[in-house]
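S.K.: This is the structure I have questions about; it appears just below.
The values are calculated or read from the model by the stated rules, or taken from the named source; none is laboratory data. From a predicted model like this one, the values you see are computed outputs, not experimental measurements. Here the Cβ positions follow ideal geometry from the backbone for every residue, glycine too, while neighbour counts run over all protein chains shown.
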Amino acid sequence: MIEIPAALVETHADDEPEWLAALPAMAAEYVDRWQLTVKGDPLHGAASLILPVVRRNGTEAMLKLQPTNDESAGEALALRTWSRSDVVEVLEDDPATTTILLERLEPRTLNAVPDHTEATRILAELLIRLSAVPAPPGIRRLADVAGAMVDDAPALIPRLTDPAEQQLVRRFVAQVEELVPESGDRLLHWDLHYDNVMAAGRQPWLVIDPKPLAGDPGFDVFPVLWNRWDDLEATGDLDQAIRDRFDLMLAITGIDRDRALGWTAGRILQNVLWDLEAGETTIYPVLRTIAVALRL
């Protein structure tokens, strides 16, 4: 029997109890189907069980099991669509359950690069190559995701207790409404932050764990702005550090500034709406700080 990490159980006990209950048997099924040997302790992501395994030919790999939903449905397709030079390789996958067998990478991410500016440069260069690729048929569209945000916002915004915050979020909605008609068709990662870029033997860095969308590359700028937050604070001028990181991303990628600002407002809106649905009544301070720094 595969032991499920306690942290994964705690995270998903309420929202995915059936998936958790079936997970040991499912893991055993894929170990048998793909002729794998488990070699190492189970690992986990925010929403996945990851087993270090060895294939029949002796190749080390990682077996990833995750709930089947909108975020996981296109993962294998996206990874196979991008260049193998930029992303982790899919060795096997089962679309029915979104279970994936991935190549084994080194246990080091861009978070391990001491200079956060250099780490941002590396990430931006990867974003250039990823966002140059058209999204294949079947990938969900940013237009639909953003349209749903605009539709849901009016009922949720009144849950904010501060009228000034309500006004700020309504401004975000207006910016997204302007962008929705031209939402783009590039293959986006959605969650391209420093821990989703790992060291590898065949390339210095490879991207993992996409939540793919078809859309505008400006939508993928946001994750670098609220990751490695301590490095931004350590500069002594947080607002300027946020602007500098944002400007560096645009300088390297060539993404249009106005669209990047608009979609960053959209990403903040998305997180605010998620928080309101979960019972929060204020804007998470980091999100508000980013909005103020970029004058959104």
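S.K.: Hey, any hits in the stretch 154-167 for a residue that's over 25 Å from Ala278 (Cα atoms), surrounded by fewer than 18 Cβ atoms within 10 Å (Cβ to Cβ) and out of contact with any Leu (no Cβ under 8 Å at 6 or more places or on another chain)?
M.R.: No - not one qualifying residue is present in the stretch 154-167.
S.K.: Between a residue in the stretch 178-189 that is without any contact (Cβ under 8 Å) to a residue 12 or more places away in the chain and within 24 Å of Trp82 (Cβ to Cβ) and any residue that is buried (at least 19 other Cβ atoms within 10 Å of the Cβ) and aromatic (Phe, Trp, Tyr), which pairs come within a Cβ distance under 6 Å, given they are 6 or more apart or on different chains?
M.R.: none
S.K.: Sticking with this structure for a sec: So, restricting to helices (runs of 4 or more DSSP H) that lie completely within the stretch 75-165, which ones have at least 3 residues that are more than 30 Å from Val54 (Cα to Cα), in the same structural domain as Leu43 (by TED's automatic domain parsing) and modelled with pLDDT of 95 or more?
M.R.: Passing ranges: none, list empty.
S.K.: What do you reckon, is Arg159 in contact (Cβ under 8 Å) with a residue 60 or more places away in the chain and over 21 Å from the mean Cα position of the chain (by Cα)?
M.R.: So Arg159 passes the test.
Conditions (1) crowded, with 17+ Cβ neighbours inside 10 Å; (2) on the phi < 0 side of the Ramachandran plot; (3) among the aliphatic types (A, V, I, L, M), marked per residue:
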site: Ala47; (1), (2), (3): yes, yes, yes
site: Val54; (1), (2), (3): no, yes, yes
site: Gln66; (1), (2), (3): yes, yes, no
site: Val88; (1), (2), (3): yes, yes, yes
site: Ala112; (1), (2), (3): no, yes, yes
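S.K.: When Asp94 is evaluated against the numbered criteria (1) in contact (Cβ under 8 Å) with a residue 60 or more places away in the chain; (2) closer than 23 Å to Pro217 by Cβ, which criterion, by number, is the only one it fails?
M.R.: The one condition Asp94 does not meet is (2).
S.K.: What number of residues within the stretch 269-283 are under 23 Å from Arg259 (Cα atoms) and in contact (Cβ under 8 Å) with a residue 12 or more places away in the chain?
M.R.: 6
S.K.: Taking the options Leu187, Leu192, name whichever one is assigned to a loop (DSSP other than H, G, I, E, B) and at pLDDT 95 or above.
M.R.: Being assigned to a loop (DSSP other than H, G, I, E, B) and at pLDDT 95 or above holds for just one of Leu187, Leu192, which is Leu192.
S.K.: For the stretch 57-71, which positions are at pLDDT 95 or above and charged (D, E, K, R)?
M.R.: Selection gives Glu60, Lys64.
S.K.: Mind listing just one residue for me: the one in the stretch 3-37 that is outside any helix (DSSP H, G or I) and more than 27 Å from the chain's Cα centre (by Cα) and, of those, surrounded by the most Cβ atoms within 10 Å (Cβ to Cβ)?
M.R.: The residue in question is Leu36.
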